[in-house]
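The values are calculated or read from the model by the stated rules, or taken from the named source; none is laboratory data. Note that the structure is a prediction, hence the values are computed from the model and not measured. Neighbour counts are summed over all protein chains in view; Cβ atoms, including those assigned to glycine, are modelled from backbone coordinates with ideal geometry. Accessible surface areas use protein heavy atoms only, side chains included; no ligands, DNA or RNA. Shrake-Rupley method; radii C 1.70, N 1.55, O 1.52, S 1.80 Å.
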Amino acid sequence: MIYFRDANTGFIVRKPDEGMHLEYTYDDFSNWIQTEPDSSYEREYWLGEGNSCLFDITEEEAIAIISSRSNKLNKSQIQIARKCYLFGEETIYIEIDENSPIFVYQHKDKKWSKLEADSFWDSWDSAPHLFLPISNEGAIKRIYCDDETSNLTDTKAEGSKTKLKTSSENIVEQMVNGIVGKESENPSKRETEIRKNLSGRALEYLMFMDDD
């Protein structure tokens, strides 16, 4: 894939590996817009006409420019970052390239922010031993896998609650069946009322046993 920077607007333009078209973005990685066939970008790229505003940049430079427009990095952006550092157990600093701001992730609050590179390196110079270099994969795992694990834990907890509820309902039904027998296929109003009252008492008994 080939990347360009529009010198007039700052837009990032790219030529995908497949297809006969260009795309541009002025925001982030999820907002690529396909150019119209007769646009100035298309004429400049294919015919050498237009505003002569497209200047070649590398993919790394394109990523750095786009990243600087957002406070948050996705997994792909972290994967190609230049360096990642862990400060204590809560803060991760990510350097996309030597000219970009430093991205900061606060694990406790799960919040992203950006820090000017000079401020970061001033802190580094004061206490370099406090900044532990970690791999890009390690940073991704700490930032994103913890959230996935949390979601999985929540799902398991909900499943356990459902199983517990189902188990209690089965026990109550067994207790009622032990007293009055299994429910008829077409229970009368009186049978339904009796079973309802017995179920309530059985449930109260189980709750009393749980308290003890």
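Some observations on this one:
- Test: residue in segment 101-112 that is in contact (Cβ under 8 Å) with a residue 40 or more places away in the chain and out of contact with any Gly (no Cβ under 7 Å at 6 or more places or on another chain): yes
- Residues that are outside any helix (DSSP H, G or I), in contact with a helix residue (DSSP H, G or I) (Cβ under 8 Å, 6 or more places away or on another chain) and more than 13 Å from Phe87 (Cβ to Cβ), drawn from segment 107-145: Lys110
- Of the listed requirements (1) open to solvent by 40 Å² or more (accessible area, probe 1.4 Å); (2) closer than 23 Å to Gly10 by Cα; (3) of a type in the set (Gly, Ala, Ser), Ser135 misses just one: (2).
- Close pairs from segment 80-95: first in a loop (DSSP other than H, G, I, E, B) and open to solvent by less than 40 Å² (accessible area, probe 1.4 Å), partner among the hydrophobic types (A, V, I, L, M, F, W, C) and modelled with pLDDT of 95 or more, Cβ under 8 Å, at least 6 apart: none
- Residues of segment 118-132 that turn out to be hydrophobic (A, V, I, L, M, F, W, C) and without any contact (Cβ under 8 Å) to a residue 12 or more places away in the chain, as a count: 3
- Checking each residue in segment 20-54 for being assigned to a helix (DSSP H, G or I), out of contact with any Gly (no Cβ under 9 Å at 6 or more places or on another chain) and surrounded by 15 or more Cβ atoms within 10 Å (Cβ to Cβ) picks out only Tyr45.
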